[in-house]
Amino acid sequence: MSEIIPNRKIIHIDMDAFFASVEQMDNPDLRGKPIAVGGAENRGVVAAASYEARKFGVRSALSGVLAKKYCPDLIFVRPRFERYKEISNKIRKIFYEYTDLVEPLSLDEAYLDVTINKKGNPSATLLAQEIRLRILNEVGLTASAGISVNKFVAKIASDYNKPNGQKTVNPDEVIPFLEVLPIRKFYGVGKVTTEKMYKLGVFTGLELKSKSLEFLEKHFGKSGSFYYNVVRGIHNGEVKSDRITKSVAAEHTFDINLSSEIFMIEQLENIANSLEKRLKKHHVAGKTVTLKIKYSDFTQQTRSKTLPYFISDKGLILETVKELLYQERMKDSVRLLGISLSNLNTEEKKTVVVQLKFAF
């Protein structure tokens, strides 16, 4: 079992309702109103919701139809990912003025290791306050932060005083903090696992801590040792500026369901073209091509083929995808298609952030 490292100082910065906040910042008419980025009343899903919309139960990944049902006054806004990326880059430049150990998780959140930092400030709490203030003054958006001895606790803490707040969990507070924490708030414990924990009588960190390693491994497999360690404050994953890319993907949600393979081929050509650009940008190639199909009833299917050589050319990708498409008949009309390339020719590459495209 690993040993706890008490002197590491980790900050997790999480932007508040990032996509929605950017839209409200750029368009004053949207401020104070319930908005949803993405979705649309009749198609798609919500990519982000403003806090005004969240009060009605509107959340990311919710269908546009349900979102409108929950909040009749909801305003749908078309996503502008290039703008979000532009803002995200400005925020990251601020991060790098404090430390080179920045690990982005997405456009709107990142870990910073400030154990040794460029400002020579020993207080991670004060650094987090300064970073959040700079983001507000220089970018115009609010951010929340969690500060602690490891990434796991910092991630949980950043959600504690949202929006526009922060929480520090000092080394001597980690165990008490985790013991009273509801199990549903443990990072990495999803809805299904939470329900399973409940059935086993585990509702808080203290109850999780009472279970033996053997018990947790029996019920949760390899994840059992993870739960056993993190509830004891043991999570020694380093903040890495370079992360391993396992796959690169591109996908598209359609405005109108596709019922013919001919129309699908046309769309797959566009998706393959986007994928090729991402592969070349990050200088990677792969052997395993996967076709993702989401039907009109929201069921999902994947079909894969592994080639004996690495590819990154859109023509070769599309040739393989066509083979996968005609592998078996469609069971229904299709609302989303995606292509991914895995089994890559590199082990150390920067994370490729791929955003879902929404059709309107």
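The values are calculated or read from the model by the stated rules, or taken from the named source; none is laboratory data. As the structure is a computational prediction, the values presented were derived from the model and not from experiment. Cβ: placed from backbone, ideal geometry, glycine included. Neighbour counts: every protein chain shown.
Out of (1) at pLDDT below 95; (2) touching a Phe, Trp or Tyr at 6+ places or on another chain (Cβ under 9 Å), what's the single condition that is false for Val65?
Among (1) at pLDDT below 95; (2) touching a Phe, Trp or Tyr at 6+ places or on another chain (Cβ under 9 Å), the lone unmet condition for Val65 is (2).
Quickly run through the range 293-350 and pick out the residues that are farther than 19 Å from Ser274 by Cα, among the hydroxyl-bearing types (Ser, Thr, Tyr) and not in a strand (DSSP E or B).
Of everything in the range 293-350, those that are farther than 19 Å from Ser274 by Cα, among the hydroxyl-bearing types (Ser, Thr, Tyr) and not in a strand (DSSP E or B) turn out to be Ser296, Thr299, Tyr326, Ser333, Thr346.
State the number of residues belonging to the range 53-65 that are under 22 Å from the mean Cα position of the chain (by Cα) and part of a helix (DSSP H, G or I).
3
Collect the residues in the range 71-110 that are touching a residue at least 40 places away in the same chain (Cβ under 8 Å) and in a strand (DSSP E or B), keeping them in residue-number order.
Hits for the range 71-110 are Ile75, Phe76, Val77, Val102, Glu103, Pro104, Ser106, Glu109, Ala110.
Anything in the range 200-245 that is among the polar types (S, T, N, Q) and either in a helix (DSSP H, G or I) or under 22 Å from the mean Cα position of the chain (by Cα) (or both)? List them, or say none.
In the first step, residues of the range 200-245 are kept if they are among the polar types (S, T, N, Q); the result is 204, 210, 212, 223, 225, 229, 236, 241, 245.
Answer for the range 200-245, where residues must be among the polar types (S, T, N, Q) and either in a helix (DSSP H, G or I) or under 22 Å from the mean Cα position of the chain (by Cα) (or both): Ser223, Ser225, Asn229, Asn236, Ser241, Thr245.
Identify the single condition in (1) at pLDDT below 95; (2) surrounded by 13 or more Cβ atoms within 10 Å (Cβ to Cβ) that Lys167 does not satisfy, given that it satisfies every other one.
Among (1) at pLDDT below 95; (2) surrounded by 13 or more Cβ atoms within 10 Å (Cβ to Cβ), Lys167 violates only (1).
Please specify each residue of the range 208-240 satisfying the condition of being under 25 Å from Tyr96 (Cβ atoms) and buried (at least 17 other Cβ atoms within 10 Å of the Cβ).
His235, Val239, listed by residue number.
Check Ala53 against each of (1) surrounded by fewer than 16 Cβ atoms within 10 Å (Cβ to Cβ); (2) touching a Pro at 6+ places or on another chain (Cβ under 6 Å) and name the one condition it does not meet.
Failed condition: (1).
Quick check on the range 111-152: of everything there that is modelled with pLDDT under 95 and part of a helix (DSSP H, G or I), which residue is surrounded by the most Cβ atoms within 10 Å (Cβ to Cβ)?
The selected residue is Phe152.
If I ask for residues that are in contact (Cβ under 8 Å) with a residue 40 or more places away in the chain and touching a strand residue (DSSP E or B) at 6+ places or on another chain (Cβ under 7 Å), which ones from the range 304-325 would you list?
Result: Ile317, Val321, Leu325.
Before we move on, is Ile147 outside the structural domain of Ala36 (by TED's automatic domain parsing), hydrophobic (A, V, I, L, M, F, W, C), under 26 Å from Glu173 (Cα atoms) and touching a residue at least 40 places away in the same chain (Cβ under 8 Å)? Spell out how you get there, then give the answer.
Numbers: outside the structural domain of Ala36 (by TED's automatic domain parsing): yes; hydrophobic (A, V, I, L, M, F, W, C): yes; under 26 Å from Glu173 (Cα atoms): yes; touching a residue at least 40 places away in the same chain (Cβ under 8 Å): yes.
Considered against the rule, which asks whether it is outside the structural domain of Ala36 (by TED's automatic domain parsing), hydrophobic (A, V, I, L, M, F, W, C), under 26 Å from Glu173 (Cα atoms) and touching a residue at least 40 places away in the same chain (Cβ under 8 Å), Ile147 comes out as yes.
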